[in-house]
Amino acid sequence: MIPVVTAIVATAFAVHYVLAFWAVGQLASAAAGVITAVLAVRVAWWFAFPGRGLPRNRVRAMRIRVRLGLRPGPGHATGFECWWRWGRFAAFRRSRRARRSLPACRRYWRPSEHSFLVGWAYRTHRQLAPSEEHAVVMAPPRARKTGWVAKVILHWPGPVVATSTKCDLFALTSGIRSVLGPVHVFNPQRIGGVLSTFRWNPIRGCEVVPVAIRRADAFAHAVSQKGVEDATFWAGKASDYLRAYFHAAALAGGDMRLVTGWVLSHDTAGAEEVLHRHGSDEWAAQLAQLRGQAAKTAETIRMTMSRALAFMGDPVLAASVLPSEGQGLDIGEFLAANGTLYLVAEAVGGGGEAPVAPLFACMAAEIRYTAALAGSVQPGGRLDPPLLMGLDEATQICPCPIPSWLADSGGKGITIITVCHGEAQLADRWGDHGKQTILDTSGVKIWLPGITATATLEAASKLTGDTAYTEHGQEHSTRHPIMTDAMVRQLPNGYALVIRGGLSPVIMRIPVAWWDLRYLLARVRGRAVAEVHAVDATIPVPDAMVPAEPWPLGDGFRPAPVSPGTPHPWNKAPAARRTNGNGNDGNGHAGGARDGR
Ligand SMILES: Nc1ncnc2c1ncn2[C@@H]1O[C@H](COP(=O)(O)OP(=O)(O)OP(=O)(O)O)[C@@H](O)[C@H]1O
Ligand SMILES: [Mg+2]
């Protein structure tokens with residue numbers, strides 16, 4: 001009996017405890033469920049709506065939200081705005097004007113034909129800007145500026161002129177660009193071992209007065225006048241005389257050596273005599289004025305001219321403007337064939353500018369002029385497909401008059417991307433007014449992380465505008481910047497603050513060329529870098545190029561033979577090419593890089 005009672009009591013206790021534990025477990029799991037649900041709703045709410053409460057640490061909140069692919073806060077573009085204003089449909093709406101030649105379905109399905117990818121907003125929104133809008137990129141060194149420009153170049157539908165202080169743009173884009181058209185390199189300093197594919201004589205064509213004026217203007221205005229009062233006045237004066245020299249040299253059948261000789265010898269008589277002989281008496285009279293100028297004035301003008309021609313003092317650089325037959329570049333053909341031209345140079349010495357900067361500026365001006373002229377006879381009065389001028393490190397190596405170009409280039413089918421380290425660099429080269437013009441006329445403004453120039457940060461912060469926030473413990477709202485200076489400076493790596501026209505600011509993930517699928521595939525197949533035909537640097541300047549009149553500078557200025565150097569390291573050994581044995585591609589052009597692909 002007793003064991004039975006004991007067993008019953010024990011069973012009752014066991015059942016009681018099991019039931020008790022089960023009830024507590026139920027309660028606990030129910031409580032956990034409620035807490036999880038509340039938290040989930042709270043987090044979901046935070047994800048969807050950034051809220052008007054001012055975060056205690058705005059930088060940290062912005063960085064977390066950006067990294068999670070969320071809208072960073074009030075005032076930033078919403079997802080709908082990103083789709084409506086920046087998406088494929090938005091690009092399509094504006095594309096007819098930019099690319100009249102394309103049918104509507106092609107414009108819709110291939111936005112890269114008329115727009116360029118600026119970045120990705122909130123992970124899923126592709127942000128496109130029309131190809132007729134210029135862009136300015138501001139960032140410190142190593143911030144992926146070049147990577148972004150290279151990505152734009154990879155997908156650009158038309159001809160491209162790209163400047164850089166390194167061969168990075170060439171290495172990232174030339175292989176893919178060579179499928180679209182010929183690839184040319186102009187690298188007189190031989191940076192990175194990549195040799196030039198052509199030489200360019202700026203004097204050829206200067207028999208025509210407007211050409212001489214245009215080229216002399218480009219040379220004179222490219223000279224840095226840092227610290228000089230009335231810089232534009234002196235550049236204008238130098239241009240007045242330089243154009244007469246260019247014209248005279250062209251009439252005499254000479255080249256840059258003749259011009260350099262005249263300028264350095266302070267002797268205008270030779271040029272005047274040539275101009276008189278060819279009936280250009282007005283130009284001769286203009287040149288004669290240089291002798292009549294006050295000593296200090298004449299000295300400043302001569303200094304500006306000689307600085308524009310300083311690169312002629314280096315025989316290797318001088319060789320780049322002395323082409324033999326078939327070594328030149330036909331700019332019209334280059335544009336028509338959707339070519340890509342890489343202008344590579346770097347600053348030497350303390351000047352902060354490359355010695356060939358005036359030459360590059362002149363060439364870029366000539367290409368822009370030819371493109372505008374070609375576009376003026378096309379439907380809509382613009383070049384189709386458009387020309388991209390990707391001016392990386394423009395202030396150092398291609399100081400063209402970007403402020404004035406930006407004003408009317410977009411409507412001519414010429415898009416300019418200016419890359420710089422900050423506003424100070426722009427002001428240094430083009431003055432405060434020029435800097436402001438660049439910022440005003442560049443539709444897309446991009447700030448990458450790491451900028452420390454306070455003026456640039458303040459300007460960026462001011463442009464984002466402000467919005468209402470409720471501070472902790474307060475009931476009313478107060479106005480605060482959408483992005484503070486610190487937030488712009490501390491953007492997460494790989495992201496950028498972008499402002500376009502009248503649209504809300506967007507923080508985007510910036511695409512770079514080295515993660516581009518086409519580039520990666522080309523790399524796997526060993527075709528990422530184009531095989532270009534370098535002009536043989538050992539070819540001496542032919543005697544036929546030397547005019548009958550003795551060179552004022554003597555033989556010292558004739559380019560010395562230069563060792564050809566090893567083939568540049570970017571490429572494999574060149575495959576069999578369709579050459580005629582003298583470095584030309586059979587069309588009389590150096591550097592055709594279609595390389596049988
Ligand atoms: N081909 C590549 N693949 C992977 N990463 C790269 C490649 N080229 C550059 N990077 C990385 O990207 C960063 C800088 O990129 P990029 O050269 O575009 O910057 P940048 O702003 O143009 O710099 P700089 O002012 O020196 O020209 C570096 O950290 C570098 O390691
Ligand atoms: Mg760079």
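Things to note:
- Once the Cα atoms are used to define both axes, helix 231-251 deviates from the longest principal axis of the chain by about 50 degrees.
- Average silhouette area of segment 209-317, convex hull of alpha-carbon atoms, in square nanometres: 6.6 nm²
- Pairs beyond 21 Å (Cα-Cα), from K151/K462; K237/K435; K435/K462; K145/K166; K145/K445: K151/K462; K237/K435
- A prolate overall shape is assigned to segment 349-425, the ratio a/c of its alpha-carbon gyration tensor axes (a ≥ b ≥ c) being 1.5 or greater and a/b exceeding b/c.
- Annotation: the antiparallel percentage among DSSP beta bridges lying fully within the chain is about 45.
- Diffusion constant of segment 177-231 at 25 °C, which comes from Stokes-Einstein with the Kirkwood Cα-pair radius and 0.890 mPa s, µm²/s: 170 µm²/s
- 16 Å Cα-Cα reach of K296 towards aspartates and glutamates, excluding residues that sit fewer than 8 places from it in its own chain: E229, D230
- Global geometry of segment 55-192, whether rounded, prolate or oblate, following the gyration tensor of its Cα atoms and the 1.5 cut on a/c: oblate
- The chain, relative contact order [Cα under 8 Å, separation at least 6], %: 23 percent
- A convex hull fitted to the Cα coordinates of segment 2-48 yields 29 cubic angstrom per residue.
- For the chain, the pair-distance distribution built from all alpha carbon pairs, in bins 10 Å wide starting at 0, is 3, 15, 23, 21, 15, 9, 5, 3, 2, 2, 1, 1, 0, 0, 0 percent.
Rule-based calculations on the coordinates, nothing more; no lab input. Since the structure is predicted, the reported quantities are computational estimates derived from the model, not experimental observations.
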